[in-house]
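One structure below.
The values are calculated or read from the model by the stated rules, or taken from the named source; none is laboratory data. Note that the structure is predicted; figures quoted are calculated from it, not measured. Using ideal geometry, Cβ is built from the backbone for each residue, glycine included, and neighbour counts are taken over all protein chains shown.
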Amino acid sequence: MSGFTFSERMAGTYTRPGSHEAHSIEITGTARVVSLRQHLRTQKATFAGRIKMEAVAADAAFSGELTLSPLFGHFIRYDLDFTSDEGEHFLFRGQKNYKLQDLKSSMATLPATIEKSDGTLFAEAVLTFDWRELPAFLGSFRPLI
């Protein structure tokens, strides 16, 4: 096996600074590791898919990378770029931090920030993985040869 792919979907809400009004957000994407050997050194995977962010992006493409270190670093980091419906560039940054005493919740919760291209905070978000989708998630893993 040279590498592998898998798909993931998470949904949740985001809020803007100074506001308590929650808006929906959802990401659906496919991670791709071309070389398992290189991945073991860098822990990186490409990640591309779609983001739906209420009042910002109805259904926009995103691309970026995941840093997958669930065993040794106890985290998965998401660094994604997308463009809003109005043509504004955004950066989605999030990280799942695994805690052995709360593994189920910590593996399913992704706190994130959404920044404008100049680094200004646009929103804070919390997305979750729906455990009912676990069979589909596990079934999405495919070897790359």
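I'd like to check something: does region 60-69 contain any residue that is surrounded by 15 or more Cβ atoms within 10 Å (Cβ to Cβ) and charged (D, E, K, R)? Scanning region 60-69, I find at least one residue that is surrounded by 15 or more Cβ atoms within 10 Å (Cβ to Cβ) and charged (D, E, K, R), so the answer is yes.
Taking region 127-144 as the range and being closer than 19 Å to Phe4 by Cβ, in contact with a Lys or Arg (Cβ under 9 Å, 6 or more places away or on another chain) and in a loop (DSSP other than H, G, I, E, B) as the test, only Phe129 passes. Quick check on Ala61: is it within 19 Å of Thr5 (Cβ to Cβ) and either in contact (Cβ under 8 Å) with a residue 60 or more places away in the chain or hydrophobic (A, V, I, L, M, F, W, C) (or both)? For Ala61, the condition - within 19 Å of Thr5 (Cβ to Cβ) and either in contact (Cβ under 8 Å) with a residue 60 or more places away in the chain or hydrophobic (A, V, I, L, M, F, W, C) (or both) - is met. Going through (1) surrounded by 14 or more Cβ atoms within 10 Å (Cβ to Cβ); (2) under 24 Å from Leu144 (Cα atoms); (3) at pLDDT 95 or above one by one, Phe75 falls short only on (3).
Output the residues belonging to region 1-57 that are of a type outside the set (Val, Ile, Thr), farther than 30 Å from Pro143 by Cα and part of a strand (DSSP E or B). Full working, then the answer.
We begin by selecting, within region 1-57, every residue of a type outside the set (Val, Ile, Thr); these are 1-4, 6-12, 14, 16-24, 26, 29, 31-32, 35-41, 43-45, 47-50, 52-55, 57.
Within this subset, residues satisfying the condition of being farther than 30 Å from Pro143 by Cα are 14, 16-24, 53-55, 57.
Residues satisfying the conditions are Tyr14, His23, Ser24, Met53, Ala57.
Here is a list: Glu115, Glu86, Glu124, Glu65. Which entry is at pLDDT 95 or above and assigned to a loop (DSSP other than H, G, I, E, B)? It would help to see each step written out before you state the result.
Working: Glu115 fails: assigned to a loop (DSSP other than H, G, I, E, B); Glu124 fails: assigned to a loop (DSSP other than H, G, I, E, B); Glu65 fails: assigned to a loop (DSSP other than H, G, I, E, B).
Every option except Glu86 fails the conditions.
The residues of region 2-22 that are farther than 20 Å from Thr109 by Cβ and touching a residue at least 40 places away in the same chain (Cβ under 8 Å), listed by number, are Ser2, Gly3, Phe4, Thr5, Arg16, Pro17. Here are Phe47, Phe72, Phe92, Phe82: which of them is aromatic (Phe, Trp, Tyr) and touching a Gly at 6+ places or on another chain (Cβ under 6 Å)? Among Phe47, Phe72, Phe92, Phe82, only Phe47 is aromatic (Phe, Trp, Tyr) and touching a Gly at 6+ places or on another chain (Cβ under 6 Å).
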